[in-house]
Structures are given as structure tokens and as C-alpha cells.
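One structure is given below, encoded as C-alpha cells.
The values are calculated or read from the model by the stated rules, or taken from the named source; none is laboratory data. These numbers come from a predicted model, not from an experiment. Virtual Cβ from ideal backbone geometry, glycine too; neighbours counted across all protein chains shown.
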Amino acid sequence: MKSIISILFLAATSVSAHYTFPSLIANGAATPAWQYVRKTTNYQSNGPATDVTSNQIRCYELSSGTAAPATMSVKAGDTLGFTAQSSISHPGPLMFYMAKVPEGKTAASWDGSGNVWFKIYEQGATISSAGMAWASQGKSEVTVPIPKSLPSGDYLFRIEHIGLHSAASAGGAQFYISCAQLTVTGGGSGSPSPLVAFPGAYKASDPGIQINIYYPVPTSYTPPGPRPWTG
């Protein structure tokens, strides 16, 4: 038993390749890196954000107010996503959020502050006696359909993957985040909810963030934050 626990501990604390989400996937193709995605603090290091109380947990921007060079026009109902460079190497949940840009601002000029973010997708774990399996792990791109009833307008589109391999103690979870700039056309009259703020949506002690995913094997897992709005 001790040897098994030791192996699991090493697996939990070992450092493997980190990653970024540099390119938007839209209209079935990946765009150039950082063309529509705000350049993140880890664009060279690939290292994660770890402080859920920091403004970096919002879009992990290289500097406050940094915007991408361009804003992508998409249609409500389109399938969008991000590339992972080089791949999603850590175990953990995948989530997508959006935030509607307020009147008088554009996707390129807005910082995404306030209770404005709503989740449109979450992917947790498949649990068996053998452990927890994560569908996004190993993927080099991930996508999600945008709700058809999403109102037209400018949005920030946020991907978040949480590496839970060292998350047994508070502050051990690793957050890999990017935000793309969108203009959504052909939208509907939906009312996305619930709305949360980043920072503010998470606490370091949330059970979806502070968790030992190795031993004993958890019997359930719910990603942090609100449940998705599906339109």
C-alpha cells in the first residue's frame, strides 16, 4: 500500500509540460496565434495562474487591458474553441465562459470586470475504481457550440482548464486561461445566467479546486463556478 501511495504522490507532484491557448478556432479552422486571443502572461513560460483572488484569473493577460489585435465575427450557434500549445497535458476540468461587452465599449476596449461572466460549457471527470479520467487531457484543440439564443453583440470568450495534479492543498491547482474577442451576429433573445465575476467566482478551498484526485479516488466531481447556461 505504501508503494502505491508513494507512486500516486509522485504522480501528483511531478512537473510535466505546461500549455497555453494561443489561437481561436472558428469556421472550422485555427487562426494565427494571438490574432484574436489576448496574449497571456504565460505566452513564453507556459506557466499557470494559481491565485484565484488575482485579476489574472480573468483572462491571464500579459498586462492589464491588453487587447488582441483583432475581433473575430461569428454567428450565434457556431462552434468555436481554442488550440492548446502543445496539448492539454494535465488532468482536470475544462470550461468555457462568455461575457457580453457593455454599451459604449468594444471587445477590444473592455477589461471584463464585474458580474458579467456566464458559463456555457463544463467537462468534468469520468470516475471508476481505476481513478479519474479527463476527456480533454492530451487534446491539442477543444471546441464548444455557442448557444443559438445568445444575443448579438461583442463578447469576450474565455477558456479555462484547471490542472489538478497538485491540488491537494490550497493554491496547488493550476489555471490555464485565455480570452478571445468576438462579435456575435444573428443572435437571439436569450438571457444568460447566472453571472459571476473574475476574481470572485472561485475560492481556493472550493471542492472542485482543492482536491486530491489520486487517493483515495473521489466518488464524485463537480467543476467550480456556476452551472452552464445552455440557451
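Counting only residues that are charged (D, E, K, R) and surrounded by fewer than 22 Cβ atoms within 10 Å (Cβ to Cβ), which one in the range 125-170 is nearest to SER89 (Cα to Cα)? Before the answer, list the steps.
So in the range 125-170, the residues charged (D, E, K, R) come out as 139, 141, 148, 154, 158, 160.
From the residues that got through so far, the ones that are surrounded by fewer than 22 Cβ atoms within 10 Å (Cβ to Cβ) too are 139, 141, 148, 154.
Numbers: LYS139: 8, GLU141: 12, LYS148: 31, ASP154: 31 Å.
By that ranking, first place goes to LYS139.
Among the residues of the range 92-108, write down those that are in a loop (DSSP other than H, G, I, E, B) and touching a His at 6+ places or on another chain (Cβ under 9 Å). Quick ask: steps written out before the conclusion?
Let us first name the residues in the range 92-108 that are in a loop (DSSP other than H, G, I, E, B), namely 92-93, 101-108.
Correct list: GLY92, PRO93.
Would it be correct to say that TYR121 is modelled with pLDDT of 95 or more, within 17 Å of the chain's Cα centre (by Cα), closer than 14 Å to CYS179 by Cα and crowded, with 18+ Cβ neighbours inside 10 Å? Let's see the steps before the verdict.
Values: modelled with pLDDT of 95 or more: yes; within 17 Å of the chain's Cα centre (by Cα): yes; closer than 14 Å to CYS179 by Cα: no; crowded, with 18+ Cβ neighbours inside 10 Å: yes.
Spelling it out, it is not the case that TYR121 is modelled with pLDDT of 95 or more, within 17 Å of the chain's Cα centre (by Cα), closer than 14 Å to CYS179 by Cα and crowded, with 18+ Cβ neighbours inside 10 Å.
Output the number of the condition that TRP229 fails; it satisfies all remaining conditions of (1) assigned to a loop (DSSP other than H, G, I, E, B); (2) aromatic (Phe, Trp, Tyr); (3) over 18 Å from GLY124 (Cβ atoms); (4) at pLDDT 95 or above.
The one condition TRP229 does not meet is (3).
For the range 1-91, which fully contained strands (runs of 3 or more DSSP E) count at least 1 residues that are loosely packed, with under 15 Cβ neighbours inside 10 Å and modelled with pLDDT of 95 or more? Break it down into steps so the answer makes sense when it comes.
Working: elements: 24-26, 72-75, 79-83.
Where strands (runs of 3 or more DSSP E) fall fully within the range 1-91 and carry at least 1 residues being loosely packed, with under 15 Cβ neighbours inside 10 Å and modelled with pLDDT of 95 or more, they are 72-75, 79-83.
Just checking, how many residues over the range 189-226 are at pLDDT 95 or above, surrounded by 14 or more Cβ atoms within 10 Å (Cβ to Cβ) and among the hydroxyl-bearing types (Ser, Thr, Tyr)?
Of the residues in the range 189-226, 3 are at pLDDT 95 or above, surrounded by 14 or more Cβ atoms within 10 Å (Cβ to Cβ) and among the hydroxyl-bearing types (Ser, Thr, Tyr).
Mind listing just one residue for me: the one in the range 166-191 that is of a type outside the set (Gly, Ala, Ser) and more than 19 Å from THR71 (Cβ to Cβ) and, of those, farthest from the chain's Cα centre (by Cα)?
GLN174
Here is a list: GLY92, GLY81. Which entry is under 18 Å from GLN174 (Cβ atoms) and within 15 Å of the chain's Cα centre (by Cα)?
Numbers: GLY81 fails: under 18 Å from GLN174 (Cβ atoms).
Criteria check complete, one pass: GLY92.
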